[in-house]
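Notes follow once the structure below has been shown.
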Amino acid sequence: KMSSGATDLRQRKKQNCTESDKMAPEERNKENSKLGRSPKYMLIQRFAKLFFGCLAAVTSGMMYAVYLSTYHERKFWFSSRQELEREITFQGDSAIYYSFYKELLKAPSFERGVYELTHNNKTVSLKTINAVQQMTLYPELIASVLYQASGSEEVIEPVYFYIGIVFGLQGIYVTALFVTSWVMSGTWLAGMLTVAWFIINRTDTTRIDYSIPSRENWALPYFACQVAALTGYLKKNLNCSAEKFCYLLVSASTYTFMMMWEYSHYLLFIQAVSLFLLDSFSLAQTEKVHEVYKIYLFSLFLGYLLQFENSALLVSPLLSLVAALMFSKCLQMNMKKSTFLSRLLKIMYIYLVLTITVTLNFLLKMFVPHKENEHLLKFIEVKLGLNTTKNFTMNWLLCQESLQAPSQDFFLRLTQSSLLPFYILVLIICLFSVTQVIFRRICGEPLKETVKLEDGRIGERPEIVYHVIHTILLGCLAMCLEGTKYLWTPYVCMLAAFGVCSPELWMTLFKWLRLKAVHPILLALILSMAVPTIIGFSLWKEFLPRIMTELSELQEFYDPDTVELMTWIKRQAPVAAVFAGSPQLMGVIKLCTGWMVSSLPLYNDDDLLKRNENIYQIYSKRSAEDIYKILTSYKANFLIIEDSICNEVGPVRGCRVKDLLDIANGHVVCEEGDSYAYSKYGRFCHEIKMNYSPYVNYFTRVYWNRSYFVYKINTVISFQS
């Protein structure tokens, strides 16, 4: 039965393909003959529309990439800086990513460079790591191959090539959003408006300004391409060649996205939930949705093999959900009949999928050895108020702005650019229309094969329903964690632009209002052109001067204290020296000097998290002997105290590093709402600067400036007072 069912499915797909290929030209010819237009005229018109639309999409992406490059140059004066000063602009984890790119270029061969990264013992003291697996360094591998294979060594410097690829990907990102809104609305005016809103709200649509090499800046453009292809793939009455092209693009971009970002499977899980809901209410072709599920399975399997048997993919909720969906589909394969029983089984189907997903994920985590982020689960518990903790790492994460709920300024910025009001309007109309369609489906009314403009049923288009569900789910995530707004806001731009440029959306609204004074189709066509034009002119008038001022204004990023510190390390420190300090500074030291460090600004490894917490004790109220034992346990030779952390005056009291350490170490006593600090030792970072015993017995100051104090950790302890 299973084999015959699969054969029927393949035959049905082929039949649908051939039918759509035959019917589409016939329908177009009939329509053209009614309008008195020749097929040749219509072909030229369609080609012109496609050509100019593609030209506008590509031009938008290229202009955005040039804009980013120009802004970056104005912000950092990159071309006039020395190499060391350029590298200091990479902060935190960005510095680590770029440092490995440098190491790959310095290696005698690509194979040797990859081997050294997968067996890396020159970055973190007393630890050999597979940097490619642990830090998802596939972007750096690709960038280094392209740089060397293209013969760019004599044409462009490595740093320009590296950031140029990232800016180019951002251009592709914008182009993909343009195409998505164009495919949905039928006009590339929607694409232009999408790009305008994306750039104006750049603070909330991308992190490119703050962290160029971050994994999401490499990965999200591929996800945008996947969403654009999926949008086309879900459309009804798609001809065979277009369907195959969309399918191949979805496959390639899904796998590439999964390889570029370690958290990609969580975002694909949200997408899979959207498709599951779409299929559960019979709003899309089940065969197409299940083809996408197969793409997920293939990408997970291939990713598991090529990511050094990454067990995180096996215990991912995406795999559990897709496996549950495929299994449930097999169980109810012959139950699709328009009866009350089939509708009841449809409800049971949703319950069955959810139950199997949770059970399967629980079993996989029990039997598959994995190093999935346990601190992530603990963080969710504390974030939801299900638990409390004094743990330094957990409280430090909770204090991060990106893990807080969005501020009022975020919504104010989206409102000032008119994005949020139009998004809410489009979302409400689409939701009501989708609700009507679902109600009709429950009552047994079939979906129309082709939805015409005069029908006013935008909720019957599967690609629209998918985007509505997808943006709602991403929006719920963004309302909890501000750092995830970069996943949501670009698709808010796209959906809002599609809505105001779509005659179908306006026609759906007019159907409800039952307009009689004016012909609704004519009014819908007029508004779909007039409203985006008015929005575009108002955005042009208000925001273009700001953008031009931003590009013309010369900013200066210069950190002389850090430059002096790096210069001193390169000239004075022994080659085999190991440095200890804050993880963010250690990343910069690794990039600028190449010296070994005791910790890294990475938060996906429990051992590194523990190291970071231990080394942060230099800002706590602990004895000199305790700090000395901690540092020597990691074979550190030099300690760097940062004045900005030691004397930090944070906007939120209780979220400073020293406050969190006092809480974790039990040096803060809370009584009747007031907190009192208690410890028999002073704060180490203050006391060590006094140069008295016992601190001078363990540490010797060898360098200092306004921001940094460097101490050599004594190997022979002197107890002279």
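In this view, the solvent-accessible surface of Asp93, computed with a 1.4 Å probe and all protein chains in place, comes to about 50 Å².
With a/c under 1.5 counting as rounded, go ahead and sort region 225-285 into rounded, prolate or oblate using the C-alpha gyration tensor (a ≥ b ≥ c being the square roots of the eigenvalues; past the cut-off, prolate if a/b is larger than b/c, else oblate). Oblate shape, in that a/c is at least 1.5 and b/c is the bigger or equal ratio.
Compare Trp488, Trp77, Trp704 by solvent-accessible area with a 1.4 Å probe and give them largest first, with all protein chains kept in place. Walk me through the intermediate numbers first.
Values: Trp488 15, Trp77 85, Trp704 145 Å².
Result of the area sort, largest leading: Trp704, Trp77, Trp488.
Between Arg74 and Leu398, with labels modelled 7 Å along Cα→Cβ, what's the label distance in nm to one decimal, could you check? Distance between label points: 4.2 nm.
Scan region 591-671 for trypsin sites (Lys or Arg not before Pro) in coil per DSSP, keeping those whose Cβ has at most 10 other Cβ atoms within 10 Å, and list them by number.
Values: sites: Lys610, Arg611, Lys621, Arg622, Lys629, Lys635, Arg653, Arg656, Lys658; in loops: Lys621, Arg622, Lys635, Arg653, Arg656.
In loop regions of region 591-671 (DSSP not H, G, I, E or B), the sparsely surrounded trypsin sites (Lys or Arg not before Pro) are Arg653.
What number, in nm² with one decimal, is the all-direction average of the projected area of the convex hull of the alpha-carbon atoms of region 136-202? All intermediate terms of the calculation are to be shown ahead of the outcome.
Details: hull surface 24.8 nm².
Average projection, Cα convex hull of region 136-202: 6.2 nm².
Using the Cβ-Cβ distance between Cys655 and Asn121 with R0 set to 45 Å, the FRET efficiency from 1/(1 + (r/R0)^6) comes to roughly 0.80. Modelled this way, with points 7 Å down the Cα-to-C-beta line, the labels at Arg701 and Lys541 are 6.1 nm from one another.
How much mean residue ellipticity at 222 nm does the chain get from its helices, if each DSSP H run of length 4 or more adds -39500 (n - 2.57) and you divide by all residues, to the nearest 500 deg cm²/dmol?
Working: 33 runs with 484 residues, N = 721.
The helix-only estimate for the chain comes to -22000 deg cm²/dmol at 222 nm.
In the chain, the longest principal axis of the Cα atoms and the axis of helix 419-442 are about 50 degrees apart. In region 560-713, a dipole from Cβ-located charges (positive for Lys and Arg, negative for Asp and Glu) runs towards its positive end, and of Tyr619, Gly594, Thr562 it is Gly594 whose Cα lies farthest in that direction.
Just flag the chymotrypsin sites (Phe, Trp or Tyr not before Pro) in region 513-585 sitting in loop per DSSP whose Cβ has no more than 16 other Cβ atoms within 10 Å. Don't skip to the end; give the middle numbers.
Numbers: sites: Phe537, Trp540, Phe543, Phe557, Tyr558, Trp568, Phe579; in loops: Phe557, Tyr558.
Counting only loop positions with at most 16 other Cβ atoms within 10 Å, the chymotrypsin sites (Phe, Trp or Tyr not before Pro) in region 513-585 are Phe557, Tyr558.
Please give the helix 583-593 orientation as an angle from the longest Cα principal axis of the chain, in degrees from 0 to 90, rounded to the nearest 10. So the helix axis and the longest Cα principal axis differ by about 80 degrees.
Determine the gain in length on full extension of the stretch Val368-Val155; use 0.36 nm per residue of separation and subtract their C-alpha separation, reporting nm with one decimal.
Details: separation 213, 0.36 × 213 = 76.68 nm, distance 4.86 nm.
Fully extending the segment from Val368 to Val155 adds 71.8 nm.
Each Lys and Arg Cβ is given +1 and each Asp and Glu Cβ -1; about its Cα centre, region 43-165 then shows a dipole of about 420 debye.
When the listed pairs Lys629/Lys689; Lys236/Lys452; Lys127/Lys621 are checked against a 21 Å cut-off, the alpha-carbon distance exceeds it for Lys127/Lys621.
Would region 412-568 count as rounded, prolate or oblate if I go by the C-alpha gyration tensor, calling it rounded below 1.5 in a/c and otherwise prolate when a/b exceeds b/c, oblate otherwise? Because a/c hits 1.5 or more and a/b fails to exceed b/c, region 412-568 counts as oblate.
Can you flag which of Lys570/Lys712; Lys485/Lys610; Lys294/Lys329; Lys49/Lys511 are past 19 Å Cα-Cα? Could you put the intermediate results ahead of the total?
On the way: Lys570/Lys712 15 Å; Lys485/Lys610 29 Å; Lys294/Lys329 13 Å; Lys49/Lys511 29 Å.
Too far apart for the 19 Å limit: Lys485/Lys610; Lys49/Lys511.
Tell me the GluC sites (Glu not before Pro) within region 416-496 that lie in a loop according to DSSP and have at most 13 other beta-carbon atoms within 10 Å.
Glu449
Distance between the modelled labels on Arg112 and Phe308, one decimal in nanometres: 2.1 nm (7 Å Cα→Cβ projection).
The alpha carbon convex hull volume per residue for the chain rounds to 200 Å³. May I ask which residue of Gly459, Ile165, Met690 lies farthest towards the positive end of the charge dipole of the chain, with charges of +1 (Lys, Arg) and -1 (Asp, Glu) on Cβ and the Cα centre as origin? Selected residue: Gly459. Answer rounded, prolate or oblate for region 488-544, using the Cα gyration tensor with square roots of eigenvalues a ≥ b ≥ c: rounded when a/c is under 1.5, else prolate when a/b is larger than b/c, else oblate. It comes out oblate by the Cα gyration axes. For the Cα trace of region 560-713, dividing Rg by the Kirkwood Rh returns an Rg/Rh value of 0.97.
The values are calculated or read from the model by the stated rules, or taken from the named source; none is laboratory data. Computed from a predicted model, the values in this text were never measured in an experiment. Cβ: placed from backbone, ideal geometry, glycine included. Neighbour counts: every protein chain shown. Note: areas computed on protein heavy atoms with side chains; ligands, DNA, RNA excluded. Shrake-Rupley method; radii C 1.70, N 1.55, O 1.52, S 1.80 Å.
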